[in-house]
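Colleague: This is the structure I have questions about; it appears just below.
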Amino acid sequence: MEIILKQKIDLMIENFNNLKEGFKWEGNLVKHFAAMVYATKDRRVDIERLQEVKKFIKDETGWTSQFRGTNEFILASLLSLEENYKLFFKDTVEIYDRMIEKGLKKRTQLPLAAYTIVKEVPKEQWDMKIDRMNDFYGKMKENHFWLTSADDYVFAAVLASTDLNVADTSQNMEYCYNYLNKEGFYKGNGLQTLSHILAIGEEGVEEKCSKAVSIYRKLKENDCKLQYNGLPTLGLLALVTSDVEKITEEIKEVYDYIYTKKGYGLWSLDKSMRTMLASSIVSDFYVDEIKRGVLQVALGNSITAIIIAQQQAAVAAACAASAAAASSSANS
């Protein structure tokens, strides 16, 4: 295992154990997300700062706000990494309000979409990018009326943050969706989100989709199968490597390593979530290598979009998993 990769993994594990002590009442899935995000930034979690940011969000919002609930801890984790988290939060709320004015719905996913715009877009371009987000979302709805919902807000915002052409990219998404369906992926939200990620890549549809299929199957062979809420991570893996064998071996190595650690074993995480965490850390390592020019991958202008999507894929998966866990608990 690469030394830098192992350092990130050990830092993620250390972060999670510190978060368990500092936030006993938060769900483990969102703590795993925060631990991973901090590790990808090569940062140790700052419990006091996280508590401060979390309290600030609570003080600034009403109890029915979409910024509360699961979003509260996820956003606190993200904002705590910002130098001026108060200004960043104020901008996020402003973008959120503008999105609602432009017809988007008050849903759980909208604050994270607003965060994406604030993080990646200059203030003078906010309105234009929100319009692009609406255009991307409209195309998604046009192609998959029954599938498209607020779940797609985050990736509509990711796509809007790029300079990708709306019509061409939406067509590319549809090509990816249909190609992967023919390769055995079930139609549904997971496949739709995977197609959103793959549309960012500049390779031909067959090349990038066949790579995604190969990675998925190889992971399954290695007993690292991803459930459908982890498919966005699969898309990232397909975009950042041309060596399927190598990247899947590294994911398996990370998977086996964290499996032996407290909080990551059989009774703490299911296989898919463990695979998602391992895949996210590995994809982050590859993105870092690409940024340093160590890896030569045909990404062109897509690298910025992939960096944006990388974090949001983890956010989306954490939210989906938390929602599923909450639903399961309510029905038990």
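Colleague: Ranked from highest to lowest mean number of other Cβ atoms within 10 Å per residue, what is the order of the peptides 94-103, 68-77, 221-230? Write down the numbers at each step before the final one.
Modeller: Details: 94-103: 15.7, 68-77: 21.9, 221-230: 18.1.
Ranked by mean Cβ neighbours within 10 Å, highest first: 68-77, 221-230, 94-103.
Colleague: Between Lys182 and Ser149, how high is the FRET efficiency from 1/(1 + (r/R0)^6) when r is the Cβ-Cβ distance and R₀ = 25 Å? Nearest 0.05.
Modeller: Values: r = 24 Å, r/R0 = 0.98.
The computed FRET efficiency comes out at 0.55.
Colleague: At q = 0.07, 0.11, 0.13, 0.14 Å⁻¹, what base-10 log of I(q)/I(0) does the Debye formula yield for the chain when every alpha carbon is treated as an equal point scatterer in vacuo?
Modeller: Taking Cα atoms of the chain as identical point scatterers yields -0.26, -0.66, -0.96, -1.14.
Colleague: Would you compute the Debye intensity of the range 1-115 from its alpha-carbon atoms alone, equal scatterers and no solvent, and pass along log10 I(q)/I(0) at q = 0.21 Å⁻¹ to two decimals?
Modeller: -1.12
Colleague: In square nanometres, what is one fourth of the surface area of the convex hull spanned by the alpha carbons of the range 163-269? Can you show the working numbers first?
Modeller: Values: hull surface 29.4 nm².
With every direction weighted equally, the projected area is 7.3 nm².
Colleague: Quickly work out the Asp131-to-Glu249 label distance, labels modelled 7 Å from Cα along the C-beta direction, and quote it in nm with one decimal.
Modeller: Simple spin-label model gives 5.1 nm for this pair.
Colleague: Ok, one more. List the residues, sorted by chain then number, that are 5 or more residues from Thr148 or on another chain and whose placed amide H is less than 5 Å from its amide H.
Modeller: Answer set, sorted by chain and number: none.
Colleague: Also, I was wondering about something else. Using the basic label-point model (7 angstrom from Cα toward the beta carbon), what is the Asp168 to Trp25 distance in nanometres?
Modeller: Each label point lies 7 Å from its Cα, and together they span 5.2 nm.
Colleague: Please give the FRET efficiency for Ser214 paired with Glu142, using the beta carbon to beta carbon distance and R0 = 30 Å, rounded to the nearest 0.05.
Modeller: On the way: r = 30 Å, r/R0 = 1.01.
Plugging the Cβ-Cβ distance into 1/(1 + (r/R0)^6) gives 0.50.
Colleague: Okay, moving on. What number results when the radius of gyration of the range 53-182, computed over Cα atoms, is divided by 2.2 N^0.38 Å?
Modeller: 1.10
Colleague: Determine, for each peptide in 231-237, 55-61, the mean count of other beta carbons within 10 angstrom over its residues, then list the peptides with the highest first. Mind showing how you got there, number by number?
Modeller: Values: 231-237: 27.9, 55-61: 14.6.
Highest-to-lowest ranking by the protection proxy: 231-237, 55-61.
Colleague: Sticking with this one: Calculate, for the range 84-225, the solvent-accessible area per residue in square angstrom, rolling a 1.4 angstrom probe over the heavy atoms of the protein chains.
Modeller: 45 Å²
Colleague: In percent, how large is the relative contact order of the range 1-48, given Cα pairs closer than 8 Å and 6 or more residues apart?
Modeller: Reported as a whole number, the value is 48 percent.
Colleague: Let's test the formula: R0 of 35 Å, r as the Cβ-Cβ distance of Lys6 and Asn84. What FRET efficiency results, to the nearest 0.05? It would help to have the intermediate numbers written out before the result.
Modeller: Values: r = 33 Å, r/R0 = 0.94.
Working from the Cβ atoms, E equals 0.60.
The values are calculated or read from the model by the stated rules, or taken from the named source; none is laboratory data. Everything quoted here is computed from the prediction, not taken from an experiment. For neighbour counting, all protein chains shown are included, and Cβ atoms are generated from backbone atoms with ideal geometry for every residue, glycine included. For the accessible areas, the whole protein counts, side chains as well, though only heavy atoms, and no ligand, DNA or RNA atoms are used. Shrake-Rupley method; radii C 1.70, N 1.55, O 1.52, S 1.80 Å.
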